[in-house]
1. Which residues, counting only those in region 29-67, are of a type in the set (Val, Ile, Thr) and in contact (Cβ under 8 Å) with a residue 24 or more places away in the chain?
2. Among (1) farther than 18 Å from residue 147 by Cβ; (2) open to solvent by 10 Å² or more (accessible area, probe 1.4 Å); (3) aromatic (Phe, Trp, Tyr), which single condition is residue 218 missing?
3. Has region 48-68 got any residue that is out of contact with any Lys or Arg (no Cβ under 6 Å at 6 or more places or on another chain), over 30 Å from residue 287 (Cβ atoms) and of a type outside the set (Ser, Thr, Tyr)?
4. Residue 257 versus (1) closer than 30 Å to residue 82 by Cα; (2) in a loop (DSSP other than H, G, I, E, B); (3) among the hydroxyl-bearing types (Ser, Thr, Tyr): which is the lone unmet condition?
5. Given the conditions (1) modelled with pLDDT of 95 or more; (2) within 18 Å of the chain's Cα centre (by Cα), and given that residue 195 satisfies all but one, which numbered condition is not satisfied?
6. Pick from region 198-220 the residues that are in a loop (DSSP other than H, G, I, E, B) and of a type in the set (A, V, I, L, M, F, W, C): which of them is modelled with the highest pLDDT?
7. Can you find a residue that is open to solvent by less than 40 Å² (accessible area, probe 1.4 Å) and among the aliphatic types (A, V, I, L, M) anywhere in region 82-97?
Amino acid sequence: MSTSMCDTDESQLPDEHVYVVPSRAIKVPVDMSIWEKSEAYFEYLGFILALNKSIEGKPLNAECQQSAIVDNILKMLDNLDEWIKQIPPTEQPQRFGNKSFRIWQARLQEKGIEELKQALPEKLHRAIPEVVQYLYESFGNATRIDYGTGHEMAFLMFLCCLFKIRAFKENDKVAVAIKVFNRYLQLVRRLQIVYRMEPAGSHGAWSLDDYQFIPFVWGSSQLIGHPRIEPRHFVDQDVVEMYAKQYMFLGCIEFISKVKIGPFAEHSNQLWNVSAVSSWSKVNSGLIKMYKVEVLSKFPVIQHVLFGSLLPIKPAATCPTVRGACLNPPPPLPPR
């Protein structure tokens, strides 16, 4: 089974493909081994790695092909952003968790299907009941009024599904990463600030970031081969101010510096350590390994993942590959 682009084989989905409403399948920690051998795991990881490679060395303002569907999804995200203006935060005593977010989330549940009908061609509308569930999960939890890497993962799975149903095509990869995903980041940052959302499952100063992970992965790929910016430079405020709008990684640093106070080395210790790595390619490969351990291997995150016909929980048939490399190679044999 190939998982080079979650997957971009033109003939992958037959016209009679049966879509389902996805549901949770990882109920207890022992189920994690099912997830780590599933088609969904390899499809998702292959998607992350393929887009990671596609934007290597490309800033956010790089010229790229941008299909009508990409434009439509960007318009949809603009609409969701507009709702924040229409649903101002309520006056309340507690510092975190503004209850107006629940109104925003309720509107998403009410209008999400219609938004996708506007964005996708009619021939793909029968996929919407499956795909929309990932969109619902992408912006935070309405009960706890929190947001974390699991919600980020839901949006990435939403994008992955749009490739699988052939809404996005192979040549949309760059635009999906540097246009659509970056627009999503702008939106969730506004949600986090306006509605004072709690970090979901944050490890405080010892995590990479309270809310996001993938923009650091893809953002480090963007910086590979940059003639001026090395990893040690991202703690330089002048460099961040100059390049934050061109590189996701530096945009993340800028946002952290705005919302946290005190020395960077104290409030973002893990990132401070990253600044000592010698090259962006090493940062990138290290962050991919970290993502697999800190997000994809964590039951508190994966228990919320939805599985359906596009991202199935069934076991992967063989070791999937991306550009010839096995995504989950077996451990080496012990020495004789």
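1. Passing the criteria: 34, 48, 55.
2. (2)
3. Yes, because at least one residue in region 48-68 is out of contact with any Lys or Arg (no Cβ under 6 Å at 6 or more places or on another chain), over 30 Å from residue 287 (Cβ atoms) and of a type outside the set (Ser, Thr, Tyr).
4. Here residue 257 clears every test but (2).
5. (2)
6. Taking the candidates together, the pick is 213.
7. yes
The values are calculated or read from the model by the stated rules, or taken from the named source; none is laboratory data. The model shown is predicted, which means the values in this text are computed figures rather than measured ones. Every residue, glycine as well, gets a Cβ built from its backbone with ideal geometry; the counts of neighbours run over all protein chains shown. Heads up: the accessible areas ignore ligands, DNA and RNA and are worked out on the full protein's heavy atoms, side chains in. Shrake-Rupley method; radii C 1.70, N 1.55, O 1.52, S 1.80 Å.
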